[in-house]
Amino acid sequence: MTAPGGRVVVRAPAKINLALRVGALDDEGYHDVVSVYQAVSVFEEVSASLPRDGVTGVTVSVRGTGAVSTPLDASNLAVRAAHLLAERAGVPADVALSIRKSAPVAGGMAGGSADAAAALLACDLLWGTGAGRDELHAMAAELGADVPFALMGGTALGVGRGDQLTPVLARGEFHWVLALADEGLSTPGVYREHDRLVAASGLRPPDLEPEVPAGLAQALRSGDPAALGAALVNDLQDAACSLRPPLRRILDLGHDHGVLGALVSGSGPTVALLVPDRSAALELAVALTASGLASDVRRVTGPVHGARQVDPVAPSPFHPSTGSHPTVR
């Protein structure tokens, strides 16, 4: 059984990291991490359609932010998601995927992971596979550490490699200004630089507690943006700034404008700056744009919902820079 009209549209959110603590390497060459994710109002949109007569397999087209840098072959996470679901459900992997990107490529916001999450849900609905949420989350974890969170949305604690998720209570709405870069940063490269800096310092990686840092947890529960700003932390920030020194100028500009908190998101190079309200967000966005330090500036809010189906015939009611949410059903 397929979706009415043979087309399903799903939107999934990008994320920022409110906290990212990095531990020692494990035996497989991965770092244990403790991360607190927040989904923000930058949405990736994936449309899944039945292929035209005579066409088989998974095809993909991409438009929007960073489209020219997005692969169209089997390395695309959305394509991998479609193949994985078809294999597990025992159905033909026949679908035409159309991706509209809003998150930067290699920007530390998990835009590719949001594409994969949206593709999983869209293909499940299109093909009528009936996969439960737990099954989708298990497949999402196979695709990448950030994919399960794009399905879940909201605010969550991620441990292990970041894919073991626990929802975190967050009251209210937080206002962010995002400074985006033209060119992304390689996540493995940032981790290598982090390891180099740690080794050069003579310090050992921290012993990680698999829980939300106390100050951050309290700030989220109370909905206190000032307390949240003071609790933001990213162990990869020095490495990202080492590889991309202009990021420090963006952080400094934010502090000069009295932001509540600022940090590089994930492995960067996106910088997330927390402000008290929409008025402050507009003021900071104007200053950042005038500075020329960022290729794009977005005003967004969080937390927002995870991957959801939307009306495929309605025009998109949001723009990435406005912080407004699409209507969902």
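FYI, it's all coordinate maths here, none of it is from the lab. Since the model is a prediction, treat every value here as computed from it, not as a measurement. As a convention, Cβ positions derive from the backbone with ideal geometry for all residues, glycine included, and neighbour counts pool all protein chains shown.
Multiplying the sequence separation of Arg249 and Arg63 by 0.36 nm and subtracting their Cα-Cα distance, what value in nm do you get?
63.9 nm
Whole number please: convex hull volume per residue, Cα atoms of the chain, in Å³.
In the chain, the Cα convex hull volume per residue is 130 Å³.
Taking 0.36 nm per intervening residue step and subtracting the Cα-Cα distance, what contour gain separates Thr289 from Ser242 on full extension?
Here the segment from Thr289 to Ser242 would lengthen by 14.6 nm.
Highest mean first, how do 84-94, 10-20, 149-159 rank when packing is the count of other Cβ atoms within 10 Å averaged over residues?
Order by mean packing, descending: 10-20, 149-159, 84-94.
Report, in deg cm²/dmol and to the nearest 500, the calculated mean residue ellipticity at 222 nm for the chain, where each DSSP H run with n ≥ 4 adds -39500 (n - 2.57) and the sum is divided by the residue count.
-10000 deg cm²/dmol
Cβ neighbours within 10 Å, averaged per peptide: list 233-240, 256-263 in order, most packed at the top.
233-240, 256-263
I want to verify a result. In a Gaussian network model of the chain, Cα cutoff 10 Å, which of these has the top mean-square fluctuation: Gly202, Gly268, Gly132?
Of Gly202, Gly268, Gly132, the Gaussian network model singles out Gly202 as fluctuating most.
Quick check: pseudo-label points 7 Å beyond the Cα along Cα→Cβ at Asp26 and Asp207, how many nm apart are they?
It is 1.9 nm.
Find the Rg to Rh ratio for the range 154-219, where Rh is the Kirkwood radius over alpha-carbon pairs and Rg uses the same atoms.
Ratio value, two decimals: 1.03.
Taking the Cα centre as origin and putting +1 on Lys and Arg beta-carbons and -1 on Asp and Glu beta-carbons, what dipole magnitude results for the chain, to the nearest 20 debye?
So the magnitude is around 780 debye.
How much length is gained on full extension from Glu87 to Thr166, taking 0.36 nm per residue of separation minus their Cα-Cα distance?
25.7 nm
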